[in-house]
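I have placed the structure first, in the form of structure tokens, so that the comments after it can refer back to it.
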Amino acid sequence: MTTFDLGPALLFCPADRPDRYRKAADRADAVILDLEDAVAPDRKAAARDALLAEPLDPARTIVRVNAVGTPDHVADLAALARTPYRTVMVPKADERLPLDLGGLRVVALCETAAGVLAAPELARRPGVVALMWGADDLVASLGGTSSRFPDGTYRDVARAARSAVLLSAGAAGVAAIDAVHLAIEDLDGLRDEALDAAAVGFAATACIHPSHVPVVRAAYAPPPGAVAAARSLLAAATGHDGVFVHDGVMIDGPSLRHAEAVLRRARAAGAADGATTAATAATVADAAADRTAPEALRTGSRPT
């Protein structure tokens, strides 16, 4: 079983901007302090120093280090050893991922062709608690130029990689994290992807901007009707040892597991006792104001 319980909204934050750390932590379910793509080469050392200067709750913090095989990767791990942070995201993870990263909990980011193909084995590595995938670095590794069609939907190769990583994580019993939505103002597209992610079993979605957090939370929180239906179904299952009919529908083992998953998501969203998700959804309009900020990635960062 997975030991990764962060989410559903994981917000990237540039590690060299400690002034944003607490803002990100206040807005998201967990923060990904990014030492890789979000930080310019000449700012890497300052970013590592900032990890020590502005500590966050380690239980709600992930640190994305630089890729294995780079000098910055070694320096990042040395800096992490001086902090209380124990969950690390490794970008461009593939078969070169070390079997042991000093006892750290590892989120393996499969964002290259080699990484996606290695996902089944990576998910079973000791210390790996989650897999994440990334579309743009993946397409770049193939020599391509775009992970999406003009209408904003993923091209087939990206969809295949997304499914492969999800299946690999599920087979190994670890969590799967869905990729970021780079179009900051496209909240509708983000909502559709997050709804799909929740429906097929992703544990969380990574975000690059604060305005994405409430959208993701609302998408992962099941509506009250679904919660009520799941409770009704599980109650009706009492006393049945096999297939039965409920409200005119044949019910079997997978149906019961789907209902249990709905209640787990409801509990995570604080909706298990009948509370609606209206409050969460209402914050989407407030967060939309962030989309017009002159600095596009004001608190988040471009992670892939």
What residue, of L263, L256, is in a helix (DSSP H, G or I) and at pLDDT 80 or above? L256
Which listed residue is touching a Cys at 6+ places or on another chain (Cβ under 9 Å) and not hydroxyl-bearing (S, T, Y), from A38, A108: A38
Taking only the range 173-207 into account, find how many residues are farther than 14 Å from M89 by Cβ, assigned to a loop (DSSP other than H, G, I, E, B) and not small (G, A, S). 6
Could you check A50 against (1) surrounded by 20 or more Cβ atoms within 10 Å (Cβ to Cβ); (2) closer than 27 Å to E193 by Cβ and say which number it fails? (2)
In the range 118-135, anything assigned to a helix (DSSP H, G or I) and either surrounded by 17 or more Cβ atoms within 10 Å (Cβ to Cβ) or free of Cβ contacts under 8 Å to residues at least 12 places away in the same chain (or both) is listed as A118, A119, L122, A135
With the structure loaded, tell me whether R217 is among the charged types (D, E, K, R) and over 25 Å from T112 (Cα atoms) or whether it fails that test. yes
Across the range 212-247, which residue is most open to solvent (accessible area, probe 1.4 Å) among those that are in contact (Cβ under 8 Å) with a residue 40 or more places away in the chain and outside any helix (DSSP H, G or I)? P223
Can you name every residue in the range 85-98 that is over 18 Å from F4 (Cβ atoms) and surrounded by fewer than 18 Cβ atoms within 10 Å (Cβ to Cβ)? E95, R96, P98
For the range 87-98, name all the residues that are part of a loop (DSSP other than H, G, I, E, B) and either under 17 Å from the mean Cα position of the chain (by Cα) or not basic (K, R) (or both). P91, K92, A93, D94, E95, L97, P98
Kindly indicate whether any position in the range 102-123 is more than 20 Å from the chain's Cα centre (by Cα) and at pLDDT below 95. yes
Of the residues L138, L101, L109, only one is part of a loop (DSSP other than H, G, I, E, B), aliphatic (A, V, I, L, M) and open to solvent by less than 40 Å² (accessible area, probe 1.4 Å); which? L101
How many residues, within the range 174-200, are open to solvent by 20 Å² or more (accessible area, probe 1.4 Å), in contact with a helix residue (DSSP H, G or I) (Cβ under 6 Å, 6 or more places away or on another chain) and farther than 19 Å from D151 by Cα? 0
Checked the range 22-40 for anything farther than 15 Å from R64 by Cα and of a type in the set (D, E); matches are D26, D29
Return yes or no: is D76 more than 28 Å from S146 (Cα to Cα) and assigned to a helix (DSSP H, G or I)? yes
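The values are calculated or read from the model by the stated rules, or taken from the named source; none is laboratory data. The structure displayed is predicted, hence computed values, not measured ones. Note: ideal-geometry Cβ built from the backbone for every residue, glycine included; neighbour counts use all protein chains shown. Please note that ligands, DNA and RNA were not included when accessible areas were found on the heavy atoms of the full protein model with its side chains. Shrake-Rupley method; radii C 1.70, N 1.55, O 1.52, S 1.80 Å.
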